[in-house]
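**Student:** Sharing a structure below in structure tokens format, with a few things to ask.
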């Protein structure tokens with residue numbers, strides 16, 4: 001449970017040193033189709049990157065709106081976390097993603113935040129709805145490294 005909390009802390013930390021790259025790409029609608037696929041956490045906490053050897057990957061499925069997260073933040077071993085995500089449209093904020101994660105088929109817990117999402121073909125920026133300083137940036141990844149699979 002502690003590692004799940006660490007993951008969501010990493011997920012919600014601030015970042016954003018790639019604003020200029022993201023700004024040059026056209027924004028896409030945030031839909032299950034457009035976010036489907038594998039993403040890697042690129043930066044958080046005002047542009048900080050993960051420690052050497054640390055990683056966070058998240059794979060979004062379009063068909064059943066599930067995700068699988070692979071991470072080793074705070075551990076030398078890979079943790080795999082699964083859950084479901086939901087996309088809502090807020091008339092003032094735009095697309096907002098929220099989700100849950102489970103410890104078994106009966107126990108699911110909500111993410112600690114809902115996130116306003118800005119999406120391009122190669123980047124996804126999540127800003128916590130309740131804390132505009134809480135930003136994470138993800139980049140599209142081609143595949144999971146073999147040592148994670």
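**Student:** Report P(r) for the range 26-125: all Cα-Cα distances, bin width 5 Å, range 0 to the bin holding the largest distance, values in whole percent.
**Tutor:** Here the calculated profile for the range 26-125 is 2, 11, 19, 25, 21, 13, 6, 1, 0.
**Student:** Further, regarding this structure: Starting from 0.36 nm per residue, how many nanometres of slack lie between residue 90 and residue 109 once their C-alpha separation is accounted for?
**Tutor:** On the way: separation 19, 0.36 × 19 = 6.84 nm, distance 2.26 nm.
So the extension gain works out to 4.6 nm.
**Student:** Show me 73-80, 116-123 ranked by packing, highest mean number of other Cβ atoms within 10 Å first. The partial results should precede the final answer.
**Tutor:** On the way: 73-80: 12.4, 116-123: 17.8.
Order by mean packing, descending: 116-123, 73-80.
Read-outs throughout are calculated quantities, based only on the coordinates presented, and are distinct from any laboratory measurement. Since we're looking at a predicted model, the values are computed, not measured. No Cβ is skipped: glycine too gets one built from the backbone with ideal geometry, and neighbour counts run over all protein chains shown.
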